[in-house]
Amino acid sequence: IALRCVIRCEPSSGSTTPRPRRRVPTPGSMAGGEAMSVGVQILFASLANICTSSGLAVFNAWCFRQGYHFQFSLIMVQQVVCSCFAVAQVALLPGERALVKISSKNYLTMLLPFSMLVAAKLYIQNKAFDHVSPAFYAMIASTLPVGVTLLSIVRGMEPFRMSTLFAAALVSIGGCMIKAGEVSLSPFGLALTVTALMLDVVRLVLVQYLVQPLQLSAPGLMLLSSPLQCLVCALGAATLESSAVAISIEDGRFPLVVWVVLLLNGGLAMVVNLVTFVFVKVASAVVVAITTPFKDLSTVIMSDNLVVRRQETPMSIAGFSLACTVSLVYNIHNIMRRDREKVEKQEMAPLIPSRQEKTPGFTVGVANADASGRRGQGLGGGDAGVDGEDTAGYWRIKDAHNAMLSCCTVSVLLLSSTVLAQLDFAKVMDAYRL
């Protein structure tokens, strides 16, 4: 109940003029103003997240459709820019430097495989844009949430429910309608699309196995993972694309505008990461789930008008609508169910916690530290000791900076040297009139 408080000041002794009243802002009015401000923030963050995420996918596809068919090198540029952005983000955000903490073993056995999977998914997704439109990819991607849930059930991470089976059947029908509605569809492009989506499903599931135990924040994860993705893509570019890049340079197909477009693309990737970070901070899980279909819809609209000019068939539109609607309802239903189960679990918890079993070395401080995930012996490289004890074997912010500089430098030098080794400089000088 909002209470309106008015402070009435009595006149002082010897004074005939009463002091003016001072109205204190009420809790209700303050809450209403803050709620309005937060609502506006969420609205703008949602719109920015939709526009930037779909814009990057369309920008990538536009580059490939204009003749730049070097997917590995494009991802490498994006990851170099994102790595530099992560360094600045961790340095500027308070408390982020202390959260960058990982053991060298987990860096190699958990973070490196995850980064390799992400790099492979990005490459196959961008390769698919050479053969299918971003609109078709986005419509098929609307079936992703149920695929993640089904794999979680197979892995035993989620219990089986009839609602999941029903939602999966409806989304599968929608996906079939989308495919049937395509006027001309490349079989190779469809295979790449399905492969990229399967890798995305595996990525989202492996987050719980390989990333969450590391107890890293989002900026810290980007600082450690982006350089690894950059190195993986540099190896792929040096192996599969360096000769084609060298031929393109010799033919004069790498003017200044190409380098400008690459930098703009990397800058947009940085903006996407920044907007996503802000959006997740201000929005709830329900809002994040609601915006997902709108990102796919925005990608379809921009793709059909800017990349591959075409008009979607009624069959594709109906299938896309069915898949988006079912995925949205299913996501919100899952979020509300988990919140309800969490509340019920809290209500069933005893008012007075039971005493811990007598365990050698158990202290309240260590228990609280384990709960916070900062000082416990977690998988992610919690401190080996507490309060200044030895932390040997764990990487901190300085080591993360060194790893970032090493990976990015090696990536640039590797790709540059392999391209330069295959160039005929006489042809280059003739092509660019040097």
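For a straight C-alpha distance cut-off of 17 angstrom, the lysines reachable from residue 101 (same-chain residues fewer than eight places away being disregarded) are 398. Packing here is the average count of other Cβ atoms within 10 Å per residue, and on that basis the peptides 212-225, 246-259, highest first, run 212-225, 246-259. If you sort 161, 155, 337 by accessible surface, 1.4 Å probe, largest first, the order is 155, 161, 337. Straight distance only, please: which lysines reach the Cα of residue 127 with their own Cα at less than 26 Å, same-chain residues fewer than 8 apart left out? Within reach: 179, 295.
For residue 103, nonlocal amide neighbours, meaning residues 5 or more places apart or on other chains whose placed amide H falls under 5 Å from its own, are 381, 395. Label-to-label distance for residue 157 and residue 47 is 3.5 nm, based on points extended 7 Å past Cα in the beta-carbon direction.
The values are calculated or read from the model by the stated rules, or taken from the named source; none is laboratory data. The structure displayed is predicted, hence computed values, not measured ones. Glycine also receives a Cβ, built like all others from the backbone with ideal geometry; neighbour counts cover every protein chain displayed. Surface accessibility is based on the protein's heavy atoms, side chains included, excluding ligands, DNA and RNA. Shrake-Rupley method; radii C 1.70, N 1.55, O 1.52, S 1.80 Å.
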